[in-house]
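Peer 1: Let me give you the structure first, and then I'll get to my questions.
Please treat every number below as a calculation from the coordinates, not as lab data. A quick note: this is a predicted structure, and the numbers were derived from the prediction, not measured. Quick reminder, even Gly has a Cβ in these numbers, built from the backbone with ideal geometry, and neighbours come from all protein chains shown.
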């Protein structure tokens, strides 16, 4: 099982339009530090599953039939906007799994095109090839799922973006789930006030620790978080790192790269 971070940014991305902070200047001069809409790809030798669809070039990144499914965390625009173009394609329907949000993205529901949109239920596991994806409830302004992803070969990865901490039921699930790696929302640098809708760094680190994960990745990062990390380069535990666009996590250690 392999996971690729296709995008690791929040809604505003990095660089942020009109911003000249150190993190935005760095991203403009070094593409390695650009952060696009938060998205990831999980795959093995037989299947490719896209997590979230905020990237606007999905129709160019993937060939017809290449994706086994698209799985959405929620219906905020920066997580689904790439579907608005993809839906008008030709060919076989693409399964799209998402939380049961009737007010999610009305135009997609009215005109889905080749998208076969299906609702998931919290804690009811979805089987896709050799992958099992269990939707976990998150704390966000709209009904949002994270996903505990298990491969038949034994690899496990939890993808939990757009949340402030975890509901108790989701945290308990991860603690009992066994050895895994985890990616968590880290939209803000450490804050004195409790964050709303998205983790700050302190909440993100607490999520990773409380989940029992052996390694943690920070995603859904903003330019303010990047700038804080630039000023505090030794602030993260050795087992935690900010994810980067294009970064590959080879969970099995033997996936052909």
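Peer 1: Taking 0.36 nm per intervening residue step and subtracting the Cα-Cα distance, what contour gain separates residue 19 from residue 214 on full extension?
Peer 2: The residue 19-residue 214 span can extend by a further 66.6 nm.
Peer 1: So, one more: Which FRET efficiency, nearest 0.05, do residue 101 and residue 60 yield, Cβ-Cβ r, R0 30 Å?
Peer 2: Computed FRET efficiency for residue 101 and residue 60: 0.60.
Peer 1: As a check on your grasp of the helix formula, calculate [θ] at 222 nm for the chain: sum -39500 (n - 2.57) over DSSP H runs of n ≥ 4, divide by the residue count, round to the nearest 500.
Peer 2: Helix-only estimate at 222 nm: -5500 deg cm²/dmol.
Peer 1: Hey, can you rank 47-54, 24-31, 162-169 by average C-beta count inside 10 Å, highest first?
Peer 2: 47-54, 162-169, 24-31
Peer 1: In nm, to one decimal, how far is the residue 90 label point from the residue 234 one, both placed 7 Å along Cα→Cβ?
Peer 2: In this crude label model, residue 90 to residue 234 measures out at 6.1 nm.
Peer 1: With the cut-off at 1.5 for a/c, could you classify the range 168-257 from its C-alpha gyration tensor as rounded, prolate or oblate?
Peer 2: It comes out oblate by the Cα gyration axes.
Peer 1: Using label points projected 7 Å from each Cα along Cα→Cβ, tell me how many nm separate residue 118 and residue 193, to one decimal.
Peer 2: Going by the 7 Å Cα→Cβ label model, 4.3 nm.
Peer 1: Can you tell me how the range 69-142 classifies by the Cα gyration tensor, rounded, prolate or oblate, using a/c under 1.5 as the rounded cut?
Peer 2: The shape class here is oblate.
Peer 1: Any idea how far the Cα center of the range 64-109 sits from the one of the range 119-190, in Å?
Peer 2: 19 Å
Peer 1: Also, I was wondering about something else. So if each residue of separation counts as 0.36 nm, and I subtract the Cα-Cα distance between residue 152 and residue 28, what length gain in nm does that give?
Peer 2: Additional length available on full extension: 40.6 nm.
Peer 1: Need one number: nm distance between label points at residue 248 and residue 46, each 7 Å from Cα along Cα→Cβ, rounded to one decimal.
Peer 2: If labels sit at residue 248 and residue 46, their model points lie 2.1 nm apart.
Peer 1: Percent relative contact order of the chain, based on C-alpha pairs within less than 8 angstrom and at least six residues apart?
Peer 2: Result for the chain is 20 percent.
Peer 1: Over the range 55-173, calculate the relative contact order: mean separation of alpha carbon pairs under 8 Å at least 6 apart, over the residue count, as a percent.
Peer 2: Relative contact order for the range 55-173 comes out at 20 percent.
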